[in-house]
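S.K.: I have a structure I would like to understand better, so I am pasting it below and will then ask my questions one at a time.
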Amino acid sequence: MNEKIPVWIDTDTGVDDAGALMTAFSFPELDVTGISAVAGNVHLKDTFRNARNVAYLCGRQDVKVYPGAEGPLFCELVTAEAVHGDNGIGNVTLPESPAPKETKKAWTAMYEKAKELKGELQIIAVGPLTDLALAITTYPDFHVYVKRILIMGGAAVGGNVTAAAEFNIHADPEAAEIVFNSGIPVVMCGLDVTDKAVYPFEELDRVYETKDPRAVLLHDAYGVARPQYSTWTKGKGIRIHDANPVLYAVHPEIYHSEHCGVFVETQGLYTRGKTVTDLWSDQKFKERHVDVVLDVDVNAFCRYITDAVTK
Ligand code: RIB
Ligand code: CA
């Protein structure tokens, strides 16, 4: 087998983040070198606990989880308990990880790992980009040591928090602008693709019956959001937004992406938090470091998710 792909996962462990973590741990091709928790879907104390406990559920309490930012760089933290439950994973109670609680801050741990791996580290960020922005601004040579950043965030078209903005970017637009301005190559799995990757309710209920603890968690964690997803997907299923950058890191062949320039609006009355792409404009940005993912083989996506929680 080829060399493992070293990745770091920064997450605001919510329900689809839990799906992303379980998917990452299911791939022998990935070496999850570290995890950091950031405030976003819920407060940091909950995202930190959830990330630790999902790793433990997967038997990966060996992977260190670091605490990150308690809120955005400048704006107020706006959480999403209506979707993720008060505790961030659908109010499911997981066994507590026995792993020691790390106290080193996420951006320092991320930087140290990136430097140790001499530029091979790929960072998968599936929450607000506050920790990454702090790493970039705290360590001027951080960008030298990061091979690429794969995010769940943004949207070339549309939004889910406003008409123009997706949750992770809208949560901390200034942080996102720092990341997109850093020059580090970015793979942007925005709503353009993650809204298409619907995991059917029938499949979710079928894998639940296997009683694999991971399938049970995925099923139960989405309990709070299920009625909402039923409305949003017209009765089809759930969206595991954050699993997409993980899958892209291992199986880019199931996706279609376009290379372009992307920058983040931080001032707009209607457009704050919008990821502005030059995909369909004659006016191209000078700096173009982003692969915007636009399409996915949904059947392949669902197969990988089912394997991740049952095999
Ligand atoms: O817009 C979807 C994103 O916002 C996902 O990362 C979800 O976990 C929430 O953080
Ligand atoms: Ca998330």
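The values are calculated or read from the model by the stated rules, or taken from the named source; none is laboratory data. Just so you know, these numbers come straight off a predicted model, no measurement behind them. Because the Cβ atoms are built from the backbone with ideal geometry, glycine has one as well, and the counts that use them run over all protein chains shown. We work out accessible area using only protein heavy atoms, side chains counted, and drop any ligands, DNA or RNA first. Shrake-Rupley method; radii C 1.70, N 1.55, O 1.52, S 1.80 Å.
Yes/no per residue for (1) among the β-branched types (Val, Ile, Thr); (2) within 16 Å of ligand 2 (Cβ to nearest atom); (3) over 21 Å from Val54 (Cβ atoms); (4) in contact (Cβ under 8 Å) with a residue 60 or more places away in the chain:
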position	(1), (2), (3), (4)
Leu134	no, no, yes, yes
Phe142	no, no, yes, no
Tyr145	no, no, yes, no
Val161	yes, yes, yes, yes
His170	no, yes, yes, yes
Val179	yes, yes, yes, no
Arg214	no, no, no, yes
Tyr222	no, yes, no, yes
Ile240	yes, yes, no, yes
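S.K.: When you check Val92 against the structure, is it closer than 24 Å to Arg226 by Cα and more than 19 Å from the chain's Cα centre (by Cα), yes or no?
M.R.: Values: closer than 24 Å to Arg226 by Cα: yes; more than 19 Å from the chain's Cα centre (by Cα): yes.
It is true that Val92 is closer than 24 Å to Arg226 by Cα and more than 19 Å from the chain's Cα centre (by Cα).
S.K.: Let me ask you something else. Quick check on my filter: what residues within segment 276-311 are closer than 18 Å to Gly153 by Cβ and polar (S, T, N, Q)?
M.R.: Thr277
S.K.: Given segment 1-82, what strands (runs of 3 or more DSSP E) lie entirely inside it while holding 2 or more residues that are crowded, with 24+ Cβ neighbours inside 10 Å and within 16 Å of ligand 2 (Cβ to nearest atom)? Lay out the reasoning, then the answer.
M.R.: Working: elements: 5-11, 30-37, 65-67.
The qualifying strands (runs of 3 or more DSSP E) are 5-11, 30-37.
S.K.: I would also like to ask the following. Give segment 155-183 a look and list any residue that's open to solvent by less than 10 Å² (accessible area, probe 1.4 Å) and near ligand 1 (Cβ under 9 Å from one of its atoms), or say none.
M.R.: Ala155, Glu166, Asn168, Ile169
One line per residue, one yes/no per condition, for (1) aliphatic (A, V, I, L, M); (2) over 22 Å from Val250 (Cα atoms); (3) under 21 Å from the mean Cα position of the chain (by Cα):
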| position | (1), (2), (3) |
| --- | --- |
| Tyr66 | no, yes, yes |
| Ala69 | yes, yes, yes |
| Thr79 | no, yes, yes |
| Val83 | yes, yes, yes |
| Lys105 | no, yes, yes |
| Met110 | yes, no, yes |
| Lys118 | no, no, no |
| Ile124 | yes, no, yes |
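S.K.: Okay, moving on. What pairs can you find where one residue is in segment 101-120 and in contact (Cβ under 8 Å) with a residue 12 or more places away in the chain, the other is open to solvent by 80 Å² or more (accessible area, probe 1.4 Å) and outside any loop (DSSP other than H, G, I, E, B), and their Cβ atoms are less than 8 Å apart, with a gap of 6+ or different chains?
M.R.: Cβ pairs passing all conditions: Gly119/Val144; Gly119/Lys147; Glu120/Lys147.
S.K.: Then there's this: Could you identify the single residue in Thr33, Thr23 that is in contact (Cβ under 8 Å) with a residue 60 or more places away in the chain, within 27 Å of Ile169 (Cβ to Cβ) and within 14 Å of ligand 1 (Cβ to nearest atom)? Steps first, answer last, please.
M.R.: Details: Thr33 fails: within 14 Å of ligand 1 (Cβ to nearest atom).
It is Thr23.
S.K.: Also, quick follow-up: Scan segment 83-100 residue by residue and report those that are in contact (Cβ under 8 Å) with a residue 12 or more places away in the chain and open to solvent by 50 Å² or more (accessible area, probe 1.4 Å).
M.R.: To start, the set of residues in segment 83-100 that are in contact (Cβ under 8 Å) with a residue 12 or more places away in the chain comprises 83-92, 94-99.
Passing the criteria: Asp86, Asn91, Pro95, Glu96, Pro98.
S.K.: Another one. Looking at segment 184-205, which of the residues that are part of a loop (DSSP other than H, G, I, E, B) and within 16 Å of ligand 2 (Cβ to nearest atom) is surrounded by the fewest Cβ atoms within 10 Å (Cβ to Cβ)?
M.R.: Residues of segment 184-205 that are part of a loop (DSSP other than H, G, I, E, B), as a first pass: 184-185, 190, 195-197.
Filter once more, so that each one left must be within 16 Å of ligand 2 (Cβ to nearest atom): 190, 195, 197.
On the way: Gly190: 27, Asp195: 16, Ala197: 25.
For segment 184-205, the residue satisfying everything is Asp195.
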